[in-house]
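Trainee: Quick one: the structure is below, questions incoming.
The values are calculated or read from the model by the stated rules, or taken from the named source; none is laboratory data. Note that this is a predicted model, so its numbers are computed, not measured. Methodologically, a virtual Cβ is constructed for each residue, glycine included, from the backbone with ideal geometry; neighbour enumeration extends over all protein chains shown.
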Amino acid sequence: MSELLKLKKRPDAVFCYNDLTAVGAIRCLLANKLRVPEDVAVIGCGNLLLSSYLEVPLSSIDQSPQQQGEEAASMALSLLEGKSKAAAKYVLLKPKLIAGNRHLDAPQRNLSTTVSRRRGRRIIPLNRRPDRADSETM
């Protein structure tokens with residue numbers, strides 16, 4: 001996060017690949033006297049229910065790990081019982097956007113596109129370092 005804050009035009013939103021990274025991003029922003037989400041919005045992924053331990057509520061994408069496990073177990077049992085053959089199966093589980101402490105259905109559009117159109121900037125995922133092109137275009 002500190003690398004992103006050094007850019008000429010810092011991002012106004014960061015999508016972190018997990019909630020622990022989002023917590024680190026929030027702590028870095030607050031240490032640099034920035035307000036979350038007013039100055040920089042932060043969203044995590046995993047819904048680890050960390051909001052009660054933070055100064056600001058953490059929004060997160062819940063990927064339904066219990067539902068993933070249930071689907072995987074059902075597929076494994078079908079294979080063991082001979083009801084289906086071993087083949088790749090595409091399963092789409094609907095994620096949920098957890099905004100602070102509220103559960104919301106995830107919108108059916110790309111969140112990063114929505115934010116970048118609204119504020120006119122690109123979002124750089126926190127799990128990669130900004131490259132020279134990012135520094136020049138931001």
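Trainee: What number of residues within region 6-15 satisfy the criterion of being in contact (Cβ under 8 Å) with a residue 40 or more places away in the chain, surrounded by fewer than 16 Cβ atoms within 10 Å (Cβ to Cβ) and not aliphatic (A, V, I, L, M)?
Mentor: Going residue by residue through region 6-15, those that are in contact (Cβ under 8 Å) with a residue 40 or more places away in the chain are 7-15.
Filter once more, so that each one left must be surrounded by fewer than 16 Cβ atoms within 10 Å (Cβ to Cβ): 7-9.
With not aliphatic (A, V, I, L, M) added as a condition, the list becomes 8-9.
Selection size over region 6-15: 2.
Trainee: Here is a follow-up. Go through region 1-40 and give me each residue that's under 16 Å from Ile98 (Cβ atoms) and touching a helix residue (DSSP H, G or I) at 6+ places or on another chain (Cβ under 7 Å).
Mentor: Once the filter is applied, which keeps residues that are under 16 Å from Ile98 (Cβ atoms) and touching a helix residue (DSSP H, G or I) at 6+ places or on another chain (Cβ under 7 Å), region 1-40 yields Phe15, Cys16, Val36.
Trainee: Could you give me the residue pairs with C-beta distances under 9 Å whose first residue belongs to region 36-55 and is free of Cβ contacts under 8 Å to residues at least 24 places away in the same chain and farther than 16 Å from Pro95 by Cβ, whose second residue is of a type in the set (Asp, Glu) and exposed (fewer than 15 other Cβ atoms within 10 Å of the Cβ) wherever it lies, and which are 6+ apart or on separate chains?
Mentor: So the pair list comes out as Val36/Glu55.
For every residue, the table says whether it meets (1) in contact (Cβ under 8 Å) with a residue 12 or more places away in the chain; (2) surrounded by 15 or more Cβ atoms within 10 Å (Cβ to Cβ); (3) among the charged types (D, E, K, R); (4) outside any helix (DSSP H, G or I).
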{"position": "Leu4", "(1), (2), (3), (4)": "yes, yes, no, no"}
{"position": "Tyr17", "(1), (2), (3), (4)": "yes, no, no, yes"}
{"position": "Leu29", "(1), (2), (3), (4)": "yes, yes, no, no"}
{"position": "Lys33", "(1), (2), (3), (4)": "no, no, yes, yes"}
{"position": "Pro57", "(1), (2), (3), (4)": "yes, yes, no, yes"}
{"position": "Gln68", "(1), (2), (3), (4)": "yes, no, no, no"}
{"position": "Ser74", "(1), (2), (3), (4)": "no, no, no, no"}
{"position": "Leu77", "(1), (2), (3), (4)": "no, no, no, no"}
{"position": "Gly82", "(1), (2), (3), (4)": "no, no, no, yes"}
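Trainee: A further question on this structure: Is it the case that some residue within region 42-49 is surrounded by 13 or more Cβ atoms within 10 Å (Cβ to Cβ), more than 13 Å from the chain's Cα centre (by Cα) and either modelled with pLDDT of 85 or more or under 17 Å from Val14 (Cβ atoms) (or both)?
Mentor: The first filter runs over region 42-49 and keeps only residues surrounded by 13 or more Cβ atoms within 10 Å (Cβ to Cβ), leaving 42-49.
This time we only want the ones that are more than 13 Å from the chain's Cα centre (by Cα), so: 49.
If we keep only those that are either modelled with pLDDT of 85 or more or under 17 Å from Val14 (Cβ atoms) (or both) as well, we get none.
No: region 42-49 contains no residue that is surrounded by 13 or more Cβ atoms within 10 Å (Cβ to Cβ), more than 13 Å from the chain's Cα centre (by Cα) and either modelled with pLDDT of 85 or more or under 17 Å from Val14 (Cβ atoms) (or both).
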